[in-house]
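The values are calculated or read from the model by the stated rules, or taken from the named source; none is laboratory data. What you are looking at is a predicted structure, and each value in this text was computed from that prediction instead of being measured. Using ideal geometry, Cβ is built from the backbone for each residue, glycine included, and neighbour counts are taken over all protein chains shown. Keep in mind that these areas ignore ligands, DNA and RNA; they rest on the heavy atoms of the full protein, side chains included. Shrake-Rupley method; radii C 1.70, N 1.55, O 1.52, S 1.80 Å.
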Amino acid sequence: YDDAKMRQVIFFLLKTIEEFLLYQEINSDEVNMKIMLARAYRKRKVDKLFQKNIKNSEKLLEGIAFEDIKALRNNYLIQSEKSTFLSRINRLDKNLQNVSDALDISFLSEKLRESCLMLSHQSVYKKELNYGLLDALLPFVEQEEYLKHPIIATYFYVYKTIIEFENESYFHLLKENIYQYGSQFSFMEFRDILLMTINYCIRKMNAGDSKFIRESFELYKEGIERKVLFENNVMTRATFHNVVSNGLKLKEYKWVDDFINKYQQYLREEHRQGFVFYSLARLRYEEKDYDKAMKLLVQEVDYDDIIINLSAKTLLAKMYYEQDEFDVLESLLESMRTYLQRKKVMGYHKNNYKNIVRFTKKLLKATPYSKNKREKLKLEITEATPLTEKAWLLTQLSKI
């Protein structure tokens with residue numbers, strides 16, 4: 001064994017692997033490959049081969065079915081290469097405008113995209129970010145000339161939905177663009193746009209606007225059909241949960257049943273069974289088949305997700321209440337209270353489930369003989385936040 005030789009072999013193997021990875025990355029963009037080859041010929045003053053490859057790159061770009069940020073950038077690189085070539089033969093003025101226009105469109109699309117991602121990040125993490133030239137650029141973007149480009153218009157409408165939350169007209173323009181031009185966007189481009197649009201719907205739903213349940217449901221269906229809601233052939237539990245929730249709220253029971261059976265295979269195997277049982281239990285509950293729902297929830301399954309565990313217990317509590325199983329219900333509510341004290345649950349969720357336990361206990365003590373107390377409890381439930389089971393609690397109170 002020669003240690004120095006082995007180290008050399010490993011070093012050169014690493015360099016070879018890195019060169020191969022670079023080649024694969026470059027090779028994944030055929031248009032850019034032709035541009036780079038044209039550039040190499042231009043630098044060597046092989047004019048005929050430069051012109052041949054730059055024309056090939058333009059043909060390839062024209063043949064692409066979508067206009068995403070990469071395509072806009074490649075168009076700018078093509079125009080830039082042509083200008084550099086023409087400057088050598090004193091014909092630069094023939095392409096200067098094309099270079100400027102292509103640069104504007106490429107830059108504006110990328111700036112809007114990054115600004116939308118920054119705004120989305122800021123809304124979650126409450127961190128102030130500097131948006132640079134954005135404010136100065138927006139008046140230019142709003143000109144009709146730039147909004148003719150689907151990618152610029154779509155990101156502009158995404159931006160507007162975030163900063164002008166109450167103005168729903170931008171959401172409808174954005175949705176129109178998604179359905180009209182969605183097939184023209186690349187996979188990752190469409191995925192980012194769709195998720196940001198769904199996030200707007202979720203914010204609207206959280207603000208109490210129920211019509212956005214249908215809007216988000218249809219957007220989720222679009223994402224599922226185009227398979228953009230999968231990453232490495234995996235669907236996140238959050239996406240699966242949201243799709244099921246929206247479908248149940250809309251009483252699309254048959255569709256939800258088909259969805260659970262068809263797409264459960266895309267959940268990670270380690271928590272698939274528990275999550276599927278919980279989702280099916282929710283469906284059976286909505287169909288008023290409490291026996292099947294309860295059997296699914298009491299299976300020997302490890303609900304490793306704390307929120308799903310609490311959601312499953314809440315579903316059981318609702319069924320116990322609706323079937324007058326009050327002794328069992330009181331025991332379950334106490335176990336939930338203990339569980340919340342013992343587990344580290346995030347603030348919003350902890351407060352939500354504490355409110356569910358508290359108001360369900362108050363519901364058990366409510367009587368038909370004291371209208372004033374019932375009205376007081378109704379007001380408390382109405383004003384409580386966060387409280388995801390507000391509608392159910394008010395419905396049960398109205399029945400007393």
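Let me check I've understood the local charge: for F240, count other residues with C-beta under 11 angstrom from its C-beta, Lys and Arg +1, Asp and Glu -1. What total comes out? Walk me through the numbers before you get to the answer.
Details: positive: R237, R268, R272; negative: none.
Around F240, the surrounding residues sum to +3.
Efficiency by 1/(1 + (r/R0)^6): what FRET value for S123 and Q180, r their Cβ-Cβ distance, R0 = 25 Å, to the nearest 0.05? Calculated transfer efficiency: 0.40.
How high is the relative contact order of the range 1-157? Use alpha-carbon pairs under 8 Å, at least six apart in sequence, and give a whole percent.
Working: 105 pairs, mean separation 25.0, N = 157.
RCO, the range 1-157: 16 percent.
Our summary gives the chain a relative contact order of 7 percent, counting only alpha carbon pairs under 8 angstrom and 6 or more residues apart. For M36, the accessible surface of its heavy atoms amounts to roughly 70 Å² (probe 1.4 Å, protein chains only, rounded to the nearest 10).
Over the range 64-167, average the accessible area per residue using a 1.4 Å probe and give it in Å², no decimals.
Details: 5700 Å² over 104 residues.
Per residue, the range 64-167 has 55 Å² of solvent-accessible surface.
Per residue, how large is the accessible surface of the range 1-56? Use a 1.4 angstrom probe and give square angstrom.
Values: 4640 Å² over 56 residues.
I get 83 Å² per residue for this part.
Annotation for the range 221-253 versus the range 74-110: alpha-carbon center distance of 43 Å.
Nearest 10 degrees, 0 to 90: what angle lies between the long axis of helix 69-88 and the longest principal axis of the chain (Cα atoms)? Once rounded, one gets 10 degrees. With each label point set 7 Å from Cα along the Cα-Cβ vector, what nm distance links R337 and K378? Using points 7 Å along Cα→Cβ, the separation is 2.7 nm.
Just the number, please: carbon plus sulfur as a percent of the accessible area of the chain, 1.4 Å probe, no ligands or DNA/RNA counted. Spell out each step's value before the answer.
Values: 11950 of 23320 Å².
Percent of accessible area from carbon and sulfur atoms in the chain: 51.
The F20 and V46 beta-carbon pair, evaluated with R₀ = 22 Å, returns a calculated FRET efficiency of approximately 0.20. Could you state the angle between the C-alpha long axis of helix 306-322 and the longest principal axis of the C-alpha atoms of the chain, as a value from 0 to 90 degrees rounded to the nearest 10? It is inclined by approximately 40 degrees.
Residue-wise HN-Hα couplings along the range 323-336, as the Karplus relation 6.51 cos²θ - 1.76 cosθ + 1.60 with θ = phi - 60° gives them from phi, are 9, 6, 8, 6, 5, 5, 4, 4, 5, 5, 4, 5, 5, 5 Hz; Gly and Pro carry x. Size of the range 1-60: Rg and Dmax of its alpha carbons, in Å, are 17.7, 55. Specify the angular offset, from 0 to 90 degrees and rounded to the nearest 10, of the alpha carbon long axis of helix 169-181 from the longest principal axis of the alpha carbons in the chain. The angle comes out near 60 degrees. Which option, [x] 14; [y] 11; [z] 37, is the value of percent of Cα pairs over 41 Å apart that was calculated from these coordinates? The calculated read-out lines up with [z]. Solvent-accessible surface of the range 223-341, averaged per residue with a 1.4 angstrom probe and all protein chains in place: 52 square angstrom. Per-residue packing, averaged as other Cβ atoms within 10 Å, sorts the ranges 261-271, 17-27 into the order 261-271, 17-27, beginning with the highest. Which pairs, out of K111/K227; K111/K344; K343/K373; K34/K111; K343/K365; K34/K160, put more than 29 Å between their alpha-carbon atoms? From K111/K227; K111/K344; K343/K373; K34/K111; K343/K365; K34/K160, over 29 Å: K111/K344; K343/K373; K34/K160.
Any idea what diffusion coefficient the range 86-164 gets from Stokes-Einstein, in µm²/s, Kirkwood Rh on alpha carbon pairs, 10 °C, 1.306 mPa s?
Numbers: Rh = 14.1 Å.
This corresponds to a translational diffusion coefficient of 113 µm²/s.
Placing unit charges on each Cβ (+1 for Lys and Arg, -1 for Asp and Glu) gives the chain a dipole about its Cα centre, and among F85, A102, N246 the Cα reaching farthest toward its positive end belongs to N246.
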